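Participant: One structure, pasted below without further comment.
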Amino acid sequence: MSLAVQIRQHGGPEELQIVDVAVGEPGPGEIRIRHHAIGLNFIDVYHRTGLYPLTMPAGIGMEGAGVVEAVGEGVTHLKAGDRAAYASQPPGSYCEVRVMPAKCVCKLPDAISFETGAAMMLKGLTAQYLLKKTLPVEGLQPGDHVLFHAAAGGVGLIATQWAKALGLRLIGTAGSDAKCQLVRDNGAAHAINYNTEDFAARVKEITGGKGVKVVYDSVGKDTWDKSLDCLRPFGLMASFGNASGPVPPFAPGSLGAKGSLYVTRQTLFTHIATRESTQAMADELFAVVASGQVKIHIAQRYPLAEVQQAHRDLEARKTTGSTILTL
């Protein structure tokens, strides 16, 4: 048996209930893992509220780290006793023990703790595909400006440090002066408090009126229109989340008027669709963390029993960096 968080209907944090569930043996292509720490992400909120609907009853959580207890037939990259971490579908990481697909589970280097592993996989792999794969048509070179919304969050702080390591001049937005200072402390060239400044006007000022080559946006509805105004001709609007709500429909013709812009909607799970791609991305993430170029900031820890409060704080923008659930 394992303690696990389940929802029986979509709704608020009060729907998150801790229950006892039976955990069996792993089948072909599966492992059983005992968690030491669990990652909290905004996609968990989307699953809970029904923005991304689930079949009930449903587990929650996409990220965790622990020790492999057993492996099923055909699993060759892991064995019982291995330290491991993952960002993976289906949801269900909010638990003590689970059986899950092995494809996206990676062996965790000894130099990286379980807590760091649980805090970095989904967010770090997201930063990796954004900065390395989701690129404007003209590419990115050292010295280029990029705009990254919610830069004080888990993905944002990793991306800010990684962008600096790549020689990019990242402009980060955040919702308070304290968060902006955190963004600057982690290597951003500039930080903009979007609650007190017009970020589009400020971006144009910073770039001498040229705009940025790419905007990375997990906020969605509230930042969309002005983000398009931040782009230089042939720039890329890279949407990868909806923290403020989904982006409403827009006229494609407006992209031409604003400079023949490109728009893409990315999701991590397309990038980690194969064992090979998952491992290659994870190897890059492990290397940049082990080198010290990217530090994983775990700013909040909640016992699994306080999962409802963790969701409330995440939605209320009270968190910075990464958040984990502890066991």
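Participant: Among the residues of the range 305-326, which ones are among the aliphatic types (A, V, I, L, M) and surrounded by fewer than 19 Cβ atoms within 10 Å (Cβ to Cβ)?
Facilitator: Answer for the range 305-326, where residues must be among the aliphatic types (A, V, I, L, M) and surrounded by fewer than 19 Cβ atoms within 10 Å (Cβ to Cβ): Ala305, Ala316.
Participant: Kindly provide the set of residues from the range 168-199 that are more than 22 Å from Ser244 (Cα to Cα), open to solvent by less than 50 Å² (accessible area, probe 1.4 Å) and more than 21 Å from the chain's Cα centre (by Cα), ordered by number.
Facilitator: Ala189
Participant: Note down all Cβ pairs under 6 Å where the first residue falls in the range 259-287 and is closer than 23 Å to Phe42 by Cα, the second is of a type in the set (Ser, Thr, Tyr) and open to solvent by less than 50 Å² (accessible area, probe 1.4 Å), and they're at least six residues apart or on different chains.
Facilitator: Correct list of pairs: Arg265/Ser239; Gln266/Thr134; Leu268/Thr126; His271/Tyr129; Ile272/Thr278.
Participant: Enumerate the helices (runs of 4 or more DSSP H) found wholly within the range 249-312, keeping only those where 1 or more residues are over 30 Å from Cys230 (Cα atoms).
Facilitator: Fully inside the range 249-312 and qualifying: 275-290.
Participant: Take the residues in the range 95-136 that are part of a loop (DSSP other than H, G, I, E, B) and among the hydroxyl-bearing types (Ser, Thr, Tyr); name whichever of them is surrounded by the fewest Cβ atoms within 10 Å (Cβ to Cβ).
Facilitator: For the range 95-136, the residue satisfying everything is Ser113.
Participant: Which fully enclosed strands (runs of 3 or more DSSP E) of the range 1-85 have 2 or more residues being open to solvent by less than 30 Å² (accessible area, probe 1.4 Å), more than 20 Å from Leu285 (Cβ to Cβ) and touching a Phe, Trp or Tyr at 6+ places or on another chain (Cβ under 8 Å)?
Facilitator: Correct list: 2-7.
The values are calculated or read from the model by the stated rules, or taken from the named source; none is laboratory data. Note that the structure is a prediction, hence the values are computed from the model and not measured. Every residue, glycine among them, receives a Cβ derived from its backbone with ideal geometry; neighbour counts consider all protein chains shown. All accessible areas refer to the heavy atoms of the entire protein, side chains included, with ligands and DNA or RNA removed. Shrake-Rupley method; radii C 1.70, N 1.55, O 1.52, S 1.80 Å.
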